Amino acid sequence: METWDAIRSRRNVRSFDGKPIPAHDLDQVLEAGRRAPSSQNWQPWDFIVITKRSELRELATVWQGAGHVAEAAAAVALIAPVTSDERRAAACQYDLGQATVSMMIAAADLGIGSCHAGVGDQEHARRLLRFPEDRHCAYLISFGYPLARPLSPVAKPDRRPFDQIVHREHW
Ligand SMILES: Cc1cc2nc3c(=O)[nH]c(=O)nc-3n(C[C@H](O)[C@H](O)[C@H](O)COP(=O)(O)O)c2cc1C
């Protein structure tokens, strides 16, 4: 897929067809995350990849909006440092967002759908994923092939109008 098509095709996919993602493709998605830019090249992230169905089903219970993780082919848990420094916390969130969208677009390029999920129950996530005490699980990302319609450029995305968002030279 062309980059522009991948950008336009990415949408949150919450139903997957059950087909596994080839290891090489999953690694390519993770590599896209590893290459993402970050504040002062901090790279605050660690990625835990989960592909076992029983684990995915358990992970899906860490947040009310994480149900899609249960039937995904894989999930990536974004693990980040715990910090009380507000500036670092904000930078970390920005960095995680960049890694997320890089992975999602790399996935779309391969025809793989993706979806974000927040994490509510940190202790349950920690028991399942065994990340250390000084880290938290910031988000989960589901990956898999869309059940219903394959990815293709979304003609009319549910977004605010271009001219309302884009300000030229000044507000
Ligand atoms: C920070 C963040 C958290 C999100 N958390 C969830 C979530 O917990 N569960 C979910 O199904 N979608 C989640 N989403 C997906 C958004 O609902 C989605 O991006 C938005 O509705 C636009 O959908 P689209 O990208 O398919 O157009 C999250 C997105 C972001 C950026």
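Every number in this text was worked out from the coordinates using simple rules, so none of it is lab data. Note that this is a predicted model, so its numbers are computed, not measured. For neighbour counting, all protein chains shown are included, and Cβ atoms are generated from backbone atoms with ideal geometry for every residue, glycine included.
Key figures
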item: Computed over the chain: relative contact order in percent, which uses C-alpha pairs under 8 Å that are six or more apart; result: 35 percent
item: Segment residue 12-residue 57, length gained on full extension (0.36 nm per residue, minus Cα span); result: 14.3 nm
item: Charge dipole (segment 3-148, unit charges on Cβ, about Cα centre) - positive-most of 6, 132, 146; result: 146
item: For segment 79-134 and segment 1-75, distance of Cα centres in Å; result: 10 Å
item: Simple Cβ-charge dipole of the chain, Lys/Arg +1 and Asp/Glu -1, about Cα centre, in debye nearest 20; result: 340 debye
item: Virtual paramagnetic centre 7 Å along Cα→Cβ of residue 158, amide N under 18 Å, in segment 1-22; result: 8-16
item: Fewest-first ranking of 103, 1, using other Cβ atoms within 10 Å as the exposure measure; result: 1, 103
item: Segment residue 90-residue 49, length gained on full extension (0.36 nm per residue, minus Cα span); result: 12.3 nm
item: Integer Hz, Karplus 6.51/-1.76/1.60 couplings in order for segment 63-79, x for Gly and Pro; result: 7, 4, x, 9, x, 4, 5, 4, 10, 5, 6, 7, 10, 10, 8, 8, 9
item: Residue 40-residue 147 pseudo-label distance in nm [points 7 Å out on the Cα-to-Cβ vector]; result: 4.5 nm
